[in-house]
Structures are given as C-alpha cells and as structure tokens.
1. Looking only at segment 166-191, count how many residues are assigned to a helix (DSSP H, G or I), within 24 Å of residue 282 (Cα to Cα) and in contact with a helix residue (DSSP H, G or I) (Cβ under 7 Å, 6 or more places away or on another chain).
2. Being buried (at least 19 other Cβ atoms within 10 Å of the Cβ) and either away from ligand 2 (no atom under 16 Å from the Cβ) or on the phi > 0 side of the Ramachandran plot (or both) is the filter here, so list the residues in segment 74-91 that pass it.
3. Here is a check on your reading of the model: is residue 61 out of contact with any helix residue (DSSP H, G or I) (no Cβ under 8 Å at 6 or more places or on another chain) and either part of a loop (DSSP other than H, G, I, E, B) or more than 13 Å from ligand 1 (Cβ to nearest atom) (or both)?
4. In the set 7, 21, 30, which member is within 16 Å of ligand 2 (Cβ to nearest atom), in contact with a helix residue (DSSP H, G or I) (Cβ under 6 Å, 6 or more places away or on another chain) and touching a residue at least 40 places away in the same chain (Cβ under 8 Å)?
5. Which one of 38, 111, 63 is within 25 Å of residue 3 (Cβ to Cβ) and within 16 Å of ligand 2 (Cβ to nearest atom)?
6. Quick one: which residue in 108, 50, 41 is in contact with a helix residue (DSSP H, G or I) (Cβ under 9 Å, 6 or more places away or on another chain) and either surrounded by fewer than 22 Cβ atoms within 10 Å (Cβ to Cβ) or part of a strand (DSSP E or B) (or both)?
7. Is it true that residue 127 is farther than 25 Å from residue 220 by Cα, surrounded by 15 or more Cβ atoms within 10 Å (Cβ to Cβ) and at pLDDT 95 or above?
8. Assess whether residue 68 counts as being crowded, with 19+ Cβ neighbours inside 10 Å, within 21 Å of residue 303 (Cβ to Cβ), under 17 Å from the mean Cα position of the chain (by Cα) and more than 13 Å from ligand 1 (Cβ to nearest atom).
Ligand code: BDR
Ligand code: CA
C-alpha cells in the first residue's frame with residue numbers, strides 16, 4: 001500500500017521533534033509532504049528554524065518547511081519557554097540549518113497543496129496552535145471537503161487543562177482557530193492530554209534510544225532530557241508525556257488507542273474556560289459526533305514502535 005500522505009503543522013518544541021522524527025522514520029507508512037510552522041511554544045522565527053533543524057537531523061532536508069502565522073487569529077501569542085527553553089529545542093546542540101525555508105507562506109502552501117491533491121488524500125497533523133489550518137480554511141473553505149482527516153494534539157477533558165485549569169496549551173493559545181476547525185465539518189481526531197498522559201516516556205526508554213547509537217536518536221534523547229525537567233509538580237516519577245508523538249503513533253497504529261466518536265466544542269467565550277474542549281463522552285447533548293476522541297494508549301507497544309522508527313534514522 002502507498003504511504004499515507006501527511007502535512008505536519010508544528011511549533012517545535014521537543015515533543016514536536018519526536019513526532020516529526022517518528023514520522024520521518026516511518027517512510028513505508030507515512031509520506032511527509034511538507035512541514036508548516038506556527039508561533040506557539042516559542043515565536044515563529046524559532047519554530048521555523050527548529051523544523052529545519054529536525055528535518056536535517058533526520059537526514060531529510062528534501063522535506064520542505066514553510067513558515068506560517070506568527071500569532072493566533074484573535075489573541076496575543078502566549079509561549080512556553082518555561083517548558084521548552086529559550087530556543088524551543090533546548091537540550092540538544094543542533095547545528096544551524098543549511099537548508100533554506102521555502103519562500104511561500106505556510107497558509108498559501110496548505111491551500112495550494114490541499115486543492116491540488118486528489119479529494120480525500122491528504123491528512124493534516126497539527127502539533128501546535130491550529131492557526132495556520134484555520135486561516136487556510138478561512139482563505140479557501142473548499143479545502144475542508146478535500147481533506148481526509150485532521151489529526152491533532154490538543155485539548156483534553158477528563159484531565160482538565162495544562163495551561164489553565166480547563167484548557168490545554170495548544171487550544172488555549174489559539175482557541176478561535178481550534179473552534180473554526182472543529183466546527184468546519186472536517187473529520188477530526190483529537191489526541192488530548194487524557195491520551196498523552198497515558199504514555200509516559202521513561203528514562204529507561206531514553207537509555208534504549210541512546211543505545212541505538214544513531215545520531216538522531218541520541219539527539220532526540222538529549223532533547224527529552226531537557227524537556228522532562230518540567231512536570232515534577234504533576235508526575236510522581238521522572239516519566240513524562242511526549243504529547244505530539246501520540247499523533248504519529250495514532251497514524252501508524254490506531255488500534256493501540258482507546259477512542260470514541262463524540263461531539264466536541266471549543267469554548268471561545270468564557271474568560272474562565274476559554275480554550276476548553278468540551279467532550280460529550282456520554283452523548284448527552286445528542287449533537288453530531290464531530291471528533292474521534294483518543295482517550296488512552298497502550299504504552300508499551302507505542303514506545304517499542306517509536307524506538308524502532310526513530311532508531312532507524314541516521
Ligand atoms: C502541547 O503544548 C506544547 O507545549 C507541546 O509541544 C504540545 O504540542 C502540550 O500541551
Ligand atoms: Ca507542539
């Protein structure tokens with residue numbers, strides 16, 4: 001079977017880097033058509049450079065990288081250097097990229113590529129605030145019907161939020177963009193923190209990643225060592241979620257996930273709960289089930305697969 005064609009929209013971010021490396025290490029199943037970047041964990045200039053660093057680390061400078069929106073649709077950008085460090089990829093000493101950014105704006109690239117592709121072929125994976133995709137849907141609403149699926153990391157319900165008591169970071173940064181995508185009618189799969197908190201990356205797994213002896217794997221482990229310093233207040237052991245990689249895991253092995261079709265809305269009006277993904281798990285409202293909600297992962301096979309795939313990179 002031909003590999004599934006995906007576009008990755010991202011704000012790297014150590015866990016974004018894992019998601020990208022995991023995808024690029026799986027060429028039989030996934031073809032990464034392009035990477036678009038957005039302001040999120042750190043400002044856009046850094047996320048764009050970071051995406052180039054990651055494709056070069058994977059030995060795949062042929063994957064084109066496009067810079068997109070520097071700020072959310074309505075609100076001011078909120079960043080997360082307290083998790084990811086000043087560069088967004090603290091922990092690894094990756095060289096400045098030699099591959100240039102594409103000159104086309106990411107939103108134009110998304111519209112052009114989705115309109116040109118056969119209907120139902122492309123999947124968009126969003127690993128950060130959903131600004132670029134929502135802007136592309138605003139600019140060319142016909143892209144909605146052409147997409148196969150949107151698979152996103154963001155939101156959550158049973159675990160509350162990680163940016164506010166009720167909102168996950170990607171949703172909180174650009175709730176209006178997320179609202180637009182969820183209301184668009186595009187098939188959405190959501191890997192929220194309910195799901196990502198069930199696959200915690202352990203120091204022992206990082207040892208195994210290093211033991212592959214491959215540069216990409218070793219640098220990924222270095223990134224993870226920085227990133228896992230954050231979270232002591234929440235997680236009782238040094239194991240940490242590797243949020244965005246759960247999107248790649250779902251594309252490769254969906255049966256590892258507990259999932260349910262639900263109605264999901266994104267709050268954009270209440271100051272207390274803006275960015276909250278309200279998941280109707282029990283279908284009490286009876287409204288259309290617009291989202292495949294991923295609730296948990298079987299962690300051992302997930303980490304085995306990621307080890308194999310990132311460990312296959314140079
Ligand atoms: C999400 O926020 C970012 O900090 C991570 O990269 C991930 O996409 C987790 O809430
Ligand atoms: Ca991210």
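1. The qualifying residues number 4.
2. Passing the criteria: 85, 88, 91.
3. On the way: out of contact with any helix residue (DSSP H, G or I) (no Cβ under 8 Å at 6 or more places or on another chain): no; either part of a loop (DSSP other than H, G, I, E, B) or more than 13 Å from ligand 1 (Cβ to nearest atom) (or both): yes.
Here the answer is no, as residue 61 does not meet what is asked.
4. On the way: 7 fails: in contact with a helix residue (DSSP H, G or I) (Cβ under 6 Å, 6 or more places away or on another chain); 30 fails: within 16 Å of ligand 2 (Cβ to nearest atom).
Testing whether each residue is within 16 Å of ligand 2 (Cβ to nearest atom), in contact with a helix residue (DSSP H, G or I) (Cβ under 6 Å, 6 or more places away or on another chain) and touching a residue at least 40 places away in the same chain (Cβ under 8 Å) leaves just 21.
5. Values: 111 fails: within 16 Å of ligand 2 (Cβ to nearest atom); 63 fails: within 16 Å of ligand 2 (Cβ to nearest atom).
The conditions single out 38.
6. Working: 50 fails: either surrounded by fewer than 22 Cβ atoms within 10 Å (Cβ to Cβ) or part of a strand (DSSP E or B) (or both); 41 fails: either surrounded by fewer than 22 Cβ atoms within 10 Å (Cβ to Cβ) or part of a strand (DSSP E or B) (or both).
Criteria check complete, one pass: 108.
7. On the way: farther than 25 Å from residue 220 by Cα: no; surrounded by 15 or more Cβ atoms within 10 Å (Cβ to Cβ): yes; at pLDDT 95 or above: yes.
Against the criterion (farther than 25 Å from residue 220 by Cα, surrounded by 15 or more Cβ atoms within 10 Å (Cβ to Cβ) and at pLDDT 95 or above), residue 127 does not qualify.
8. Numbers: crowded, with 19+ Cβ neighbours inside 10 Å: yes; within 21 Å of residue 303 (Cβ to Cβ): no; under 17 Å from the mean Cα position of the chain (by Cα): yes; more than 13 Å from ligand 1 (Cβ to nearest atom): yes.
So residue 68 fails the test.
The values are calculated or read from the model by the stated rules, or taken from the named source; none is laboratory data. Since the model is a prediction, treat every value here as computed from it, not as a measurement. Virtual Cβ from ideal backbone geometry, glycine too; neighbours counted across all protein chains shown.
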